[in-house]
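One structure below.
The values are calculated or read from the model by the stated rules, or taken from the named source; none is laboratory data. Every value quoted in this text rests on a predicted model; they were computed, and no experiment measured them. Every residue, glycine as well, gets a Cβ built from its backbone with ideal geometry; the counts of neighbours run over all protein chains shown.
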Amino acid sequence: MLEGEGQSHGHHAGEIELKKLGHLLLSYLPGLGGRIKPPRYLEVEERPMRGVETCTLCGATVNMGELSVRNLDNELQIELPYIAVHALVTHGDRGFHGTLRGDGQIDVDLLKDVLNYEEYRIGRLMTALLAHTSLLPEHLTIEEHMMRGVVPCGECGDHVNMGYFVVTNTHNERSMQVPYLALHGLVEHKDANYASHELGDSVDAGADEVIDGRLDMELLRSILGQSRAHAEFGQRLASYLEGLGGSEPTPRHLDVVEHVQRGLETCAVCGESINMGTFELRNRHTGHEMVLPYVAVHSLAAHGDAYFRGSLHRGWVDVPLLNRLVKRTWPIVQRVRRTRR
Ligand SMILES: [Zn+2]
Ligand SMILES: [Zn+2]
Ligand SMILES: [Zn+2]
């Protein structure tokens with residue numbers, strides 16, 4: 001199969017994330033040197049076999065066996081040969097190529113759901129926001145409420161401040177209170193559930209300093225400005241943009257004017273280099289237009305994030321408005337917002 005330029009770029013954009021996903025999986029596999037005990041909701045089974053298979057891309061040999069990972073919370077399960085883990089970790093590729101198994105594809109979305117990758121990603125994002133509150137995107141505020149005292153994590157025993165923080169999205173006016181223990185659970189255990197005791201254990205009704213609950217990930221995502229819908233939309237948009245390697249024809253009602261520049265800017269989230277230019281998007285039927293830097297679409301496509309942070313451009317894409325601009329062929333009532341530089 002020949003890959004178009006747009007696809008190969010999209011593929012490149014995914015590489016870093018696929019490698020991270022591969023390393024997360026590998027960390028749970030003692031057979032491959034992993035040293036992390038799988039969290040409470042994961043059942044990991046390795047089935048190594050006597051014999052190796054060779055990666056036809058790089059010549060590395062891996063055990064010819066396979067593994068199975070099951071998420072007890074969402075009942076999802078994935079089976080993969082070891083060569084697939086090699087493809088993710090070494091090549092950042094969802095396709096694997098082995099002398100025994102031939103060519104195959106990893107269901108990356110399923111693997112992400114099995115490993116609670118979204119929880120992990122959001123936990124990391126919030127940790128970064130707490131560490132650099134001066135870099136908060138304009139749509140977010142964070143109020144910290146540290147307390148005198150710590151609680152133990154029921155999963156690993158680590159002690160975490162018993163306080164919480166409140167994160168608020170000033171665009172959609174949604175707000176959420178997040179205990180530090182919950183953030184610890186997201187980052188360390190990829191788990192939206194958190195408890196200062198072992199989950200499933202009964203707790204004395206009168207006991208103080210007991211914290212437990214489950215974070216509403218949907219709410220949190222909407223507060224932070226990230227969603228899967230953003231990613232799909234961003235990928236579609238990127239496919240129209242030559243500056244991002246896209247080669248798809250644009251829909252008839254859209255004019256795209258690209259201002260590709262000689263120079264790159266760096267995405268602060270993943271480190272990828274993106275053309276520092278901008279593009280204009282105009283709806284022929286309504287005359288409405290929007291100017292956005294390429295890094296904004298990269299951020300949507302690669303991170304599902306309406307908030308973009310490049311070394312040159314920073315801002316927030318009004319996704320609902322952009323969506324209407326791209327989709328609809330009848331007048332848009334709302335004003336067109338230019339993203340500030
Ligand atoms: Zn290889
Ligand atoms: Zn823990
Ligand atoms: Zn990025």
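Applying the selection to region 20-37, what residues are surrounded by fewer than 17 Cβ atoms within 10 Å (Cβ to Cβ) and either among the β-branched types (Val, Ile, Thr) or within 20 Å of the chain's Cα centre (by Cα) (or both)?
Listed by number, the residues that qualify are His23, Ser27, Ile36.
Residues Gly304, Gly246, Gly213: which one is closer than 28 Å to Lys20 by Cβ, in contact (Cβ under 8 Å) with a residue 24 or more places away in the chain and touching a strand residue (DSSP E or B) at 6+ places or on another chain (Cβ under 6 Å)? Talk me through it step by step, then tell me what you get.
On the way: Gly246 fails: touching a strand residue (DSSP E or B) at 6+ places or on another chain (Cβ under 6 Å); Gly213 fails: touching a strand residue (DSSP E or B) at 6+ places or on another chain (Cβ under 6 Å).
None of the others qualify; the one that does is Gly304.
Counting only residues that are charged (D, E, K, R), part of a helix (DSSP H, G or I) and in contact (Cβ under 8 Å) with a residue 40 or more places away in the chain, how many does region 98-120 have? Adding up the residues that qualify gives 4. Scanning region 49-69 for residues that are farther than 17 Å from Ser27 by Cβ and either in the same structural domain as Asn193 (by TED's automatic domain parsing) or surrounded by fewer than 17 Cβ atoms within 10 Å (Cβ to Cβ) (or both) yields a total of 11. Return the residue satisfying two criteria in turn: it lies in region 208-246 and is touching a Ser or Thr at 6+ places or on another chain (Cβ under 6 Å) and at pLDDT below 90, and of such residues it is farthest from Met276 (Cα to Cα). Per the stated criteria, the residue is Val210.
Quick check on this structure: which one of Thr278, Thr250, Thr266 is modelled with pLDDT of 85 or more and under 28 Å from Leu220 (Cβ atoms)? So that I can check it myself, show each step before the final result.
Numbers: Thr278 fails: under 28 Å from Leu220 (Cβ atoms); Thr250 fails: under 28 Å from Leu220 (Cβ atoms).
Unique residue meeting the criteria: Thr266.
Is it the case that some residue within region 53-61 is out of contact with any Leu (no Cβ under 8 Å at 6 or more places or on another chain) and within 30 Å of Glu144 (Cα to Cα)? The answer is no, given that none of the residues of region 53-61 is out of contact with any Leu (no Cβ under 8 Å at 6 or more places or on another chain) and within 30 Å of Glu144 (Cα to Cα).
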